[in-house]
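Undergrad: Okay, here's the structure, questions in a sec.
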Amino acid sequence: MFDLLFAQYKNYPSYEITLELTAIFFGLLSVWFAKKNNILVFPTGIINTAIYVYLLWKWSLLGDMMINFYYVIMSIYGWYHWTRKKEAVVQFPISVMTLSEKKTAPVIFIATIVFVVAVYTFFDKFTHWTSYLDILVTGIFFVGMWLMAKRKIENWILWIIGDLISIPMYFAKGYTFTSIQYLIFTIIAVYGYLEWKRILQEKII
């Protein structure tokens, strides 16, 4: 069983394994802070995603690499957005998507898919079935990060869907540690959705 899960790492450079484990540690911290509606989600997330930008380029998962680069940018925006207050009151608390955002989300998803397909085609990277999953996950996560930065509860639903798809994708590519990370992400995301839902209901009451 151990060989099935981790044998592929015997040929990997030790520094890549160290980087992957470091990124996973900060990634789990980031999702935990997101669940707690804590602004530390952003600095920990920036460390996680910056490391993965490099690793995903090495692993030829260009869509997910672009997701992580986008995460870095959106984390900076989200960090600023979450700190905005007026007379000590948070201006952008947890909320549901507006009608305008529901119309914008599919546009972001489709535009992302088209762009990533173009990138894969340009670099001739359609070499494995995981490439197609990577493109789909990229679209889902782009919208999910946008919604998280805006503190919309629906972001958790997209994280759960994307995480579930990512588990077999990374396992098939031979990155077991990252696959396990996404399994844990899924569990935390379910609890994150429930916690944000509770906070939202308390605010309404």
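Undergrad: Which residue pairs have Cβ atoms under 6 Å apart, sit 6 or more places apart or on different chains, and have a first residue in region 62-84 that is closer than 18 Å to Ile113 by Cβ and a second that is part of a helix (DSSP H, G or I) and among the aromatic types (Phe, Trp, Tyr)?
TA: Qualifying pairs under 6 Å: Met65/Trp57; Ile67/Phe141; Asn68/Tyr52.
Undergrad: Further question: Without any contact (Cβ under 8 Å) to a residue 60 or more places away in the chain, outside any helix (DSSP H, G or I) and in contact with a strand residue (DSSP E or B) (Cβ under 6 Å, 6 or more places away or on another chain) - does that describe any residue in region 92-99? So that I can check it myself, show each step before the final result.
TA: First, pick out the residues of region 92-99 that are without any contact (Cβ under 8 Å) to a residue 60 or more places away in the chain: 92, 97-99.
Of the ones still in play, those that are also outside any helix (DSSP H, G or I) are 92, 97-98.
If we keep only those that are in contact with a strand residue (DSSP E or B) (Cβ under 6 Å, 6 or more places away or on another chain) too, we end up with 97.
Checked against the condition, which is being without any contact (Cβ under 8 Å) to a residue 60 or more places away in the chain, outside any helix (DSSP H, G or I) and in contact with a strand residue (DSSP E or B) (Cβ under 6 Å, 6 or more places away or on another chain), region 92-99 yields at least one hit.
Undergrad: May I pose another question? Select from region 40-68 the residues that are closer than 23 Å to His128 by Cα and either over 14 Å from the mean Cα position of the chain (by Cα) or not in a helix (DSSP H, G or I) (or both) and list them in ascending order.
TA: Passing the criteria: Tyr54, Leu55, Trp57, Lys58, Trp59, Ser60, Leu61, Leu62.
Undergrad: Within region 146-164, count every residue that is under 23 Å from Ala23 (Cα atoms), of a type in the set (Val, Ile, Thr) and buried (at least 18 other Cβ atoms within 10 Å of the Cβ).
TA: 1
Undergrad: Another question about this same structure. Cβ contacts < 6 Å: first residue over 17 Å from Phe69 (Cα atoms), restricted to region 107-128; second residue part of a loop (DSSP other than H, G, I, E, B) and not aliphatic (A, V, I, L, M), any location; separation 6+ or different chain. Result?
TA: Lys125/Ser60
Undergrad: Mind checking which residues of region 109-128 are surrounded by 15 or more Cβ atoms within 10 Å (Cβ to Cβ), modelled with pLDDT under 95 and part of a helix (DSSP H, G or I)?
TA: Filtering region 109-128 down to residues surrounded by 15 or more Cβ atoms within 10 Å (Cβ to Cβ) leaves 109, 112-113, 115-117, 119-120, 125.
When the remaining residues are screened for being modelled with pLDDT under 95, the result is 112-113, 115-117, 119-120, 125.
Hits for region 109-128 are Thr112, Ile113, Phe115, Val116, Val117, Val119, Tyr120.
Undergrad: Mind listing whichever residues of region 129-185 are touching a residue at least 40 places away in the same chain (Cβ under 8 Å), assigned to a helix (DSSP H, G or I), among the charged types (D, E, K, R) and within 22 Å of Ile73 (Cβ to Cβ)?
TA: Asp134
Undergrad: Moving on. Test Phe33 against the criterion of being part of a loop (DSSP other than H, G, I, E, B), aromatic (Phe, Trp, Tyr) and surrounded by 15 or more Cβ atoms within 10 Å (Cβ to Cβ), and give yes or no.
TA: Working: part of a loop (DSSP other than H, G, I, E, B): no; aromatic (Phe, Trp, Tyr): yes; surrounded by 15 or more Cβ atoms within 10 Å (Cβ to Cβ): yes.
So Phe33 does not fit the description; no.
The values are calculated or read from the model by the stated rules, or taken from the named source; none is laboratory data. Predicted model only: the values in this text are computed from it and were never measured. Note: ideal-geometry Cβ built from the backbone for every residue, glycine included; neighbour counts use all protein chains shown.
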